[in-house]
Amino acid sequence: MQPDGLDVEKLYMRALVSTVTAITRRPALALVCFALITLAAASYTATHFRMNSDDSTLISQDEPFRKDFAAFIDQFPESEETTVIVITSPSIELADKAVDALRDALLARDDLIETVYAPSADEFFEDHGLLYLDRADLEDVIERLAEAQPALTALSEDPSLRGLFGQLELSLEELEDGGALPTGFERMANRIAEVTDSLVAGNPRGISWADEFLDQEGTVYRVLIVQGRKDFSETISTAHLIGGIRDTARQLGLTPENGVEVRLTGMVPLAHDEQETLQRGLALAAVIAFSLLTMILLFGVRSIRISFAAGVTLLTSITWTTAYAMFVVGEFNIISAAVMVIGLGVDFAIHLGLRYEEECRRGFNVPDAIVSATRESGMEITLCGLTSTIGFLSFVPTPYPGLAALGIIAGGGMMLALLASFTVFPAILALMRAPSPQYPIASASMTRISSTIARNPRAWVGLGAAITVVAAVLSLRMSFDFSTLSMRDPDSESIVTLRDLQREDIVTDYSAVVLAPDRAAAERIALELEALATVSEARAPSYYVPGEQDEKLLMLEDAAFFLEPVISPEPPRAAPSDAERQAAFDSLRARLASLSDPAGNEPLWQSIRRLRASLDAVADTDALDQPLAELERLVVSDLGERLDWLRRAITVEAVSFDDLPEDTRRRVVAPDGTTQVVALPRDDLSDTSALKQFIEEVATISPNATGRPAVEAGIGRIVVQTFEMAIAITVVCIFLLLWVTLGRIGDAVVAMVPITLAGLITTAFGVVAGIPFNMTNVIVIPLMFGLGVDSAIHVVVRYRHDGSVARVMESSTPRAVVLTALTTLASFGSLVVSQHRGMRSLGILLSVALLSLLFSTLVLLPAWITLRREPAGNGK
């Protein structure tokens, strides 16, 4: 038979009891020393605190997928850390003006922006816009220009109400003479009526001639791609950048009230929104956790003195841990920062405090009760601290530096919390009176559970076995979701905008990129990619060159022939005087009034009636000169600019890739000839199965394909490796530690049973509830093993000491187990309020784990111990 422990254990306990004894004899002096240490730690933290919000450092840069992406960025640096500014409007004119204004404003912000790319604002793409239309769309535009030719000719020669009203009156004369109105008359009459009505209503809106030329229907999308400056000293490194872009847009009046909406997406805004969501969720979780912890301590411990001492001990350990983190690691990252919110380690003080209360009930005075509680429970509390530390340190050797930092900080923090529990906590207790014996040590519910277990332990063990089998079967169906999109708030601006861009077939960061050695190879690869079922389109250099140019140029040549009076107009007439403007207005009104109005609702006569009513409304204005001048401004405001554009767009020549703007060519072909091919996904990549299939299919064409989807898949593989490695390290190390310290392999197995069952139940719950493992909640299982085995340790050790399950259930241990589970539940469970799906799922799964752990520890474990009927040990 193996010994019940090692000599080092006895030496440790002797040193621990001696330390606590010394502290209880001079508690005031001890507290002064601890206060000075805590102040020094706080001072060190204040001068060395650093928060690194750069999430790219969470994963090693030496991974193959990282190297592929780095090679891509080396060739195309303008694709790194981009913010996509999406401008939408129902009007082409408003969208184009918004792009120009925002581009110019951002170019002036050297403190904010490094590069700006606005292809729609480039003169080349403006002038060749008609050539980039599909043939069917170009035919529609030319047909509309033909309909508007009479009005455009008149306005080219006389850009005023005089010229426009004169042309409308001529058309009406033809109608009176039995002729037909020009096909564009109806549309022009309606537009003038709309502008006139808006003027009379006090909300003037001009004619958008760009919309008239191009027959705009639906939403216009314009995109700016910018690279901005980050500040990693900020809690969110992109706060200044994102806030600056939005402030600039508001200052320019680019708001929905003015017919324009500016939204942000791309990797920078996506990461920014995620970090904002995380921080809001963690801040709210911290408030909820602190409130719940306070309630649990006050109403669960039922002693204000013990609760106060535990609270001070917790704050002290957090202060020490923060200083330790800055000294050892040098910074927090967005993962390790959660340790400060969770505030682990109060469990040790609860177990020691309740055991101290139990010793006080036996007649010990305060100092002796503290020492006795330490002697009786010190080793099991220490063992729990070690297992919890192992749970965190299991992340250190994994290929996930972000989690490794969490492991170092949290593992050291657990040891510091253990130290505070055996130093600060006893010192505070020694300065106060013993807790009042108002409540029994054991609750009535625990006594009832004990009697139920004692009557039929076999049934409970059988129930546990059945649950284990069912949970194990379900656990086999657990999946891993490596998509970061699926974890983010689906209603956030960046996610909604990303989906809109994907629906419009606009390239986003969530596209695959294949690098080809030259343009010819890129074209071949694009054809292969487009043959894939998951690819909607593959864009090689030829994509940026208009297709079917010969046919389109012939169509534009025909259009230029009938638009000759517009393209090469006579010198325009001088601007009309108020009297001439009035005369043209009166003459058109008179012509409209003289028309005999036939019965019926033909669209033509509806437009004539509407124009007549609108002009009559203006005529009712007392002073007509000013409204007519304003009406003229609204009608012809941007006409001259659009006619100039039309003259250039109609007379373009054929273009090749080499004719494209240098900035555009550089974003497709690197200086050494390396050419990128972009594959757009057919499906929504927030669906992990679609994302996985997309990546796998593209990889059949190019194993080194990169882009954000490939990077996420690579990160997912690293996280899975981390998960598997951490589980293996945790289970093996904790089992060996239990075996060595408990001295019996049977006791080590018994202590592992509840946490193993809880792990299976948690995984099975995830399957049933549709909560897969993801890059945030994947730490739940190793954490649960590290933190959850503590409860089983306390029950097993107490059973070995007391000799029967009934005595264990009547002691302070079950209540301490419940309270420590509730404190951990309060810490992690509070994460369910987060809008970040990954963090919320972590809170849900850990809550399920802790609840199932309580059941298996306080019901199934005692039943198994009773059924085994192993002889009790002699204590520690």
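The values are calculated or read from the model by the stated rules, or taken from the named source; none is laboratory data. Predicted, not measured: the structure shown is a model, and the values here were computed from it. Here Cβ is always computed from backbone atoms with ideal geometry, including for glycine, and neighbour counts include all displayed protein chains. Heads up: the accessible areas ignore ligands, DNA and RNA and are worked out on the full protein's heavy atoms, side chains in. Shrake-Rupley method; radii C 1.70, N 1.55, O 1.52, S 1.80 Å.
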Given the Cα-Cα distance of D620 and I73 and 0.36 nm per residue of separation, how much length would full extension add, in nm? 190.4 nm
Once L588, L419 are ranked on solvent-accessible area with the largest value leading and a 1.4 Å probe, the list reads L419, L588
Under 5 Å from the placed amide H of T82, counting only residues 5+ away or on other chains, we find M267, V268
Size of the dipole of region 229-336 about the Cα centre, Lys and Arg at +1 and Asp and Glu at -1 on the beta carbon, nothing else charged, in debye to 20? 400 debye
Calculate how steeply helix 519-530 sits against the longest principal axis of the alpha-carbon atoms of the chain, using the helix alpha-carbon long axis, and give the answer as 0 to 90 degrees to the nearest 10. 70 degrees
From the phi of every residue in region 580-588, what ³J(HN,Hα) in whole Hz does the Karplus formula 6.51 cos²θ - 1.76 cosθ + 1.60 yield, where θ is phi - 60° and glycine or proline is x? 5, 5, 5, 5, 5, 4, 5, 5, 5
Going residue by residue through region 399-406, the Karplus relation 6.51 cos²θ - 1.76 cosθ + 1.60 with θ = phi - 60° gives ³J(HN,Hα) values, rounded to whole Hz and with x marking Gly or Pro, of x, 10, x, x, 6, 4, 5, 4
Note to self: C-alpha centroids of region 18-49 and region 363-389 sit apart, in Å, by 20 Å
Taking Cα atoms only, helix 625-636 is inclined relative to the longest principal axis of the chain by an angle, in degrees rounded to 10, of 70 degrees
Using +1 at the Cβ of each Lys and Arg and -1 at the Cβ of each Asp and Glu in region 522-566, identify which of P565, L529, Y544 lies farthest towards the dipole's positive end. L529
From the Cα centre of region 732-769 to that of region 783-848, the distance in Å is 13 Å
Mean Cα-pair separation over length for region 413-553, i.e. relative contact order, pairs under 8 Å, 6 or more apart, %: 8 percent
Solvent exposure ordering (accessible area, 1.4 Å, most first) of I142, I242: I142, I242
Averaged over every viewing direction, what's the projected area of the C-alpha convex hull for region 84-190? Give it in nm², one decimal, please. 9.6 nm²
Value of [θ]222 nm, deg cm²/dmol, for the chain, DSSP H segments ≥ 4, -39500 (n - 2.57) each, nearest 500: -21000 deg cm²/dmol
Can you give the FRET efficiency to the nearest 0.05 for F562 and E169, using r as the Cβ-Cβ distance and R₀ = 22 Å? 0.45
At 0.36 nm per residue, and after removing the present C-alpha to C-alpha distance, how many nm does the segment from L298 to A465 gain when stretched out fully? 56.5 nm
Per-residue counts of other Cβ atoms within 10 Å, averaged by peptide: what ranking do you get for 318-324, 663-669, 25-31, highest first? 318-324, 663-669, 25-31
Radius 11 Å from Cβ of I381, net charge of other residues (Lys, Arg +1; Asp, Glu -1): -3
Let me cross-check V655: its accessible surface, 1.4 Å probe, with only protein heavy atoms counted, in Å² to the nearest 10? 20 Å²
With a Förster distance of 41 angstrom and the Cβ-Cβ distance between R455 and V17, calculated FRET efficiency to the nearest 0.05 equals 0.55
Suppose a student asked you for the relative contact order of region 130-198, using Cα pairs under 8 Å spaced at least 6 residues apart; what percent would you report? 26 percent
Please work out how many pairs of lysine residues in the chain are eight or more positions apart (or on different chains) and have Cα atoms closer than 30 angstrom. 5
Quick one: net charge of T813's neighbours, Cβ under 10 Å, K/R +1, D/E -1? 0
Based on the Kirkwood radius over alpha-carbon pairs, what value in µm²/s does the Stokes-Einstein equation return for the translational diffusion coefficient of the chain at 25 °C and 0.890 mPa s? 75 µm²/s
Starting from 0.36 nm per residue, how many nanometres of slack lie between E257 and A806 once their C-alpha separation is accounted for? 190.4 nm
How much net charge surrounds F765 when only other residues with a Cβ under 15 Å from its Cβ are counted (Lys, Arg +1; Asp, Glu -1)? +2
Write down the Å³ per residue value for the convex hull defined by the alpha carbon atoms of region 132-219. 121 Å³
Low-density loop positions, GluC sites (Glu not before Pro), region 145-242 - DSSP coil, at most 15 other Cβ in 10 Å: E217, E234
Let me check against my output: what whole-number percent is the relative contact order of the chain, with C-alpha pairs under 8 Å and at least 6 apart? 24 percent
I'd like the orientation of helix 603-619 relative to the chain: the angle between its Cα long axis and the longest Cα principal axis, in ° from 0 to 90, rounded to 10. 90 degrees
I'd like the distance separating the alpha-carbon centroids of region 50-123 and region 681-715, in whole Å. 22 Å
